1. How many of the residues making up region 64-80 are farther than 22 Å from Ala131 by Cβ and surrounded by 20 or more Cβ atoms within 10 Å (Cβ to Cβ)?
2. For region 107-128, does any single residue satisfy the condition of being in contact (Cβ under 8 Å) with a residue 40 or more places away in the chain, surrounded by 19 or more Cβ atoms within 10 Å (Cβ to Cβ), hydrophobic (A, V, I, L, M, F, W, C) and out of contact with any Asp or Glu (no Cβ under 7 Å at 6 or more places or on another chain)?
3. I want to confirm something. Restricting to region 20-63 and keeping residues that are in contact with a strand residue (DSSP E or B) (Cβ under 6 Å, 6 or more places away or on another chain), open to solvent by 50 Å² or more (accessible area, probe 1.4 Å) and part of a loop (DSSP other than H, G, I, E, B), which single residue is nearest to Ala148 (Cα to Cα)?
4. May I ask you to list the residues in region 99-150 that are at pLDDT 90 or above, acidic (Asp, Glu) and outside any strand (DSSP E or B)?
Amino acid sequence: MISALFLAAAAPAAIDLTLLDRAAEIFAGARLGEAGGPVAPIDRRLRLGGCGSSPEFSWHSDARDAIVIRCPEAKGWRIFVAVKAAPALATVSAKAEPVIRRGDPITLVAGSDGFSVSADGTAMTDAAPGARLQVKVDGAKAPVQAIAVEAGKATLPGW
């Protein structure tokens, strides 16, 4: 989902900060201002240059107090988005035993009532149920963020 938001915006023009805000909410799993979501919108005074591939999202630390968004290109940019403190339960689930290990084949699934899409890929990191991981999707240029569901299965954030 996050990658799809930027396919159209991957041109050399400046990055649309509204799309970046929405992608940060999807990555965090909570809306702007909610517990676990971004504290505030990205500062509109920023002028981030275009990124030839989708921006990458990761947590700044295990405390999940900030999201790091970066353009993976050689002269790319990097910004930090503050996250509103989430309930302690969210950090407990991150300590669970991994069900997906680096190198495992993964079926990446997304859908809702009436439709479902899937793609095969390979896990790039270990992940417990509910934890985020990077998945290299077969045929895709850049890895995508996913959420571990069970052994061999992950979903896109927001689905």
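1. Number of matching residues: 1.
2. Checking region 107-128: at least one residue is in contact (Cβ under 8 Å) with a residue 40 or more places away in the chain, surrounded by 19 or more Cβ atoms within 10 Å (Cβ to Cβ), hydrophobic (A, V, I, L, M, F, W, C) and out of contact with any Asp or Glu (no Cβ under 7 Å at 6 or more places or on another chain).
3. It comes out as His60.
4. Hits for region 99-150 are Asp104, Asp126.
The values are calculated or read from the model by the stated rules, or taken from the named source; none is laboratory data. These numbers come from a predicted model, not from an experiment. Neighbour counts are summed over all protein chains in view; Cβ atoms, including those assigned to glycine, are modelled from backbone coordinates with ideal geometry. Keep in mind that these areas ignore ligands, DNA and RNA; they rest on the heavy atoms of the full protein, side chains included. Shrake-Rupley method; radii C 1.70, N 1.55, O 1.52, S 1.80 Å.
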